[in-house]
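Structure record follows, encoded as structure tokens.
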Amino acid sequence: MIGDNQLHKLTDLFAGMIGHRPTACVVTFGCQMNARDSEKLRGVLDDAGFKLTDNEKADFVIYNTCTVRENANTRVYGRLGQLKNYKKKNPHMILAVCGCMIQEPGAAQIIRKKLPFVDLVFGTFNLYEFPALMKEVLGKKLAGQEEPVIDVWEKESSGEADSLPSKRTYAFKAGVNIMYGCNNFCSYCIVPYVRGRERSRNKQDILNEINRLTQDGVREVMLLGQNVNSYGKTLDEKVSFAELLESIAVECDLNRIRFMTSHPKDLSDELIDVMSRYDSICNHLHLPVQSGSNKILQRMNRHYTREAYFELVEKLRGAIPDISLTTDIMVGFPGESREDIEDTIDLIRQVGFDNAFTFIYSKRTGTPAASMPDQIDPQTASGWFDQVLEAVHETAAARCARFTGTDQAVLVEDRNRHRGGWLTGRTQHNLLVHFEGPADLIGTCVPVEITESKGFYLIGRRV
Ligand code: SAH
Ligand code: SF4
Ligand code: F3S
């Protein structure tokens, strides 16, 4: 795909038409999967000869959308409306919308009808066709045709975007897809519908990709999948996630290995054992619990109980005493009561999470939970949300404070945006640390003494 001459030629012709090298901006909504897909979109655009920018007044703007909650959708539609004004001033502007939102039935038609100025619409299943779609849309622009290119597939195919060029956000850390899709069908969740059935990548392809990344200066990888613990189930060669992780730890020259997301129902003893044996595998696990009530967990189709979750936490802390645990929690699920929320708050306190993403349940058309009785009114959900958040803040602050006075290895990510001469990095526990230091440390791992805990992040001093 790299070095696509036809695409270069079309980009050159487009540059001639608008009078300068065209700029391109990719805007990402949603999770790490989308962030990784956006790196591929940027890779293709860069390879084609576009100049990448963060400015949405660019000549080619792509919105890579998320639809996991209703507000993600609303935000996209609102911002697309704004882009219409930019397009009035720059009539050659090409506007594309892709990602999870597009896979919802009827979404492409809505865009076509209500946002006719959008030039290109495609979904998650044909992301790998992006170079061909670009050729089509550039060809139309050059021919003065206004008709949009709309190409949305109903199902996943055997093609994936693995071989597309990619433009990483960070030089020293990278996301690597190990699997696509999800088979879990949690009753509230739209992801299996918009990302398709679970499919794992070949182990050797993953190792090769990571080795190419480390040769290019990458020190940290995040292995990505909606449920990494079921990795390998669709492969002919039976290989578990624990085996994959161990191979990466042994064969790849990395300082840090992270992965997400782990579903509690599939977290194996074998995985805990591998995590405990390799220093390069970070002492951090994101283990979404969603609810502390067995009644709600069952209705969510999560396939574990609060007791099973406690057992997992005990096993994890037994094997890796220093481990950081983070989670996702949802409130306001249909049929949820005050007692269920009490159960969730109790679970948060008993586990003592290092952090948690908390969400108010959002009804997604087509999921089983959308037609369940006893939907919770927004005001009640919002009150519960505040109480759950308070419990999360308390436990997170207590956990964060345990690092004060310790020395931590910090992988430096960036200059600190708020304090001149300061840097920002992460500990292996995934906590942000701010400290004073020169910018040439960016991308390296340095020892930092933690002097102060701020609840969700740390302040430190170089040692
Ligand atoms: N595959 C991951 C998470 C995917 S979505 C997992 O299984 O944990 C990330 C988070 O969004 C979920 O953990 C859940 O807490 C939240 N989420 C998913 N669907 C939602 C919905 N309909 N309303 C509110 N939050 C939702
Ligand atoms: Fe959604 Fe559940 Fe799959 Fe996560 S595991 S993506 S919450 S269906
Ligand atoms: Fe959103 Fe799609 Fe991720 S719906 S959370 S961007 S998989």
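Laid out as a table, the results:
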| quantity | calculated |
| --- | --- |
| Selection status of TYR188, of a type in the set (Ser, Thr, Tyr), under 29 Å from MET330 (Cα atoms), within 15 Å of ligand 1 (Cβ to nearest atom) and not in a loop (DSSP other than H, G, I, E, B) | no |
| Qualifying residue in region 388-398 (condition: part of a loop (DSSP other than H, G, I, E, B) and outside the structural domain of CYS182 (by TED's automatic domain parsing)) | no |
| Among (1) in contact (Cβ under 8 Å) with a residue 24 or more places away in the chain; (2) more than 16 Å from ligand 1 (Cβ to nearest atom); (3) assigned to a loop (DSSP other than H, G, I, E, B); (4) not small (Gly, Ala, Ser) - the single one VAL68 does not satisfy | (2) |
| Residue match in region 59-71 (condition: within 16 Å of ligand 3 (Cβ to nearest atom), under 16 Å from LEU120 (Cα atoms) and open to solvent by 40 Å² or more (accessible area, probe 1.4 Å)) | no |
| Answer from VAL137, VAL194 - the residue that is of a type in the set (Val, Ile, Thr), surrounded by 20 or more Cβ atoms within 10 Å (Cβ to Cβ), part of a helix (DSSP H, G or I) and more than 16 Å from ligand 1 (Cβ to nearest atom) | VAL137 |
| Residues (of a type in the set (A, V, I, L, M), modelled with pLDDT of 90 or more and closer than 20 Å to TYR188 by Cα) located in region 69-125 | MET101, ILE102, ALA107 |
| Checking GLY352 against (1) away from ligand 3 (no atom under 16 Å from the Cβ); (2) buried (at least 21 other Cβ atoms within 10 Å of the Cβ); (3) touching a residue at least 24 places away in the same chain (Cβ under 8 Å); (4) of a type outside the set (Ser, Thr, Tyr), the condition it does not meet | (2) |
| From the options ARG42, ARG69, ARG36, residue that is of a type outside the set (Phe, Trp, Tyr), more than 16 Å from ligand 2 (Cβ to nearest atom) and out of contact with any His (no Cβ under 9 Å at 6 or more places or on another chain) | ARG42 |
| Counted residues, region 197-209 - those being surrounded by fewer than 21 Cβ atoms within 10 Å (Cβ to Cβ), away from ligand 2 (no atom under 14 Å from the Cβ) and either within 17 Å of the chain's Cα centre (by Cα) or touching a residue at least 24 places away in the same chain (Cβ under 8 Å) (or both) | 5 |
| Residue selected from region 13-58 under the condition under 14 Å from ARG168 (Cβ atoms) and among the polar types (S, T, N, Q), by the criterion farthest from ligand 3 (Cβ to nearest atom) | SER38 |
| Sole exception among (1) at pLDDT 95 or above; (2) outside the structural domain of PRO334 (by TED's automatic domain parsing); (3) not in a strand (DSSP E or B) for THR451, by number | (3) |
| Per-region count, region 289-305, residues crowded, with 19+ Cβ neighbours inside 10 Å and closer than 30 Å to GLU246 by Cβ | 4 |
| Count of residues meeting criterion [without any contact (Cβ under 8 Å) to a residue 60 or more places away in the chain and either closer than 25 Å to ARG256 by Cα or part of a helix (DSSP H, G or I) (or both)] in region 155-173 | 1 |
| Test: ARG79 is open to solvent by 10 Å² or more (accessible area, probe 1.4 Å), of a type in the set (Lys, Arg) and within 16 Å of ligand 1 (Cβ to nearest atom) | no |
| Residue in region 269-277 that is in the same structural domain as PHE359 (by TED's automatic domain parsing), crowded, with 21+ Cβ neighbours inside 10 Å and of a type in the set (A, V, I, L, M, F, W, C) present | no |
| Hits in region 311-325 (condition: surrounded by fewer than 20 Cβ atoms within 10 Å (Cβ to Cβ) and either closer than 28 Å to SER382 by Cα or without any contact (Cβ under 8 Å) to a residue 24 or more places away in the chain (or both)) | GLU311, GLU314, ARG317, GLY318, PRO321 |
| Boolean, ARG302 is away from ligand 3 (no atom under 16 Å from the Cβ), without any contact (Cβ under 8 Å) to a residue 24 or more places away in the chain and in contact with a strand residue (DSSP E or B) (Cβ under 9 Å, 6 or more places away or on another chain) | no |
| Residue count, region 417-463 (criterion: under 26 Å from the mean Cα position of the chain (by Cα) and of a type in the set (D, E, K, R)) | 3 |
| Search result, residues across region 102-129 that are part of a helix (DSSP H, G or I), open to solvent by less than 50 Å² (accessible area, probe 1.4 Å) and within 13 Å of TRP153 (Cα to Cα) | ILE102, GLN103, ALA107, ALA108, LEU127 |
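The values are calculated or read from the model by the stated rules, or taken from the named source; none is laboratory data. Not measured: the values here are computed from a predicted model. Positions of Cβ are generated from backbone atoms using ideal geometry, with glycine treated the same way; all protein chains shown enter the neighbour counts. Protein only, heavy atoms only, side chains kept; ligands, DNA and RNA dropped before computing areas. Shrake-Rupley method; radii C 1.70, N 1.55, O 1.52, S 1.80 Å.
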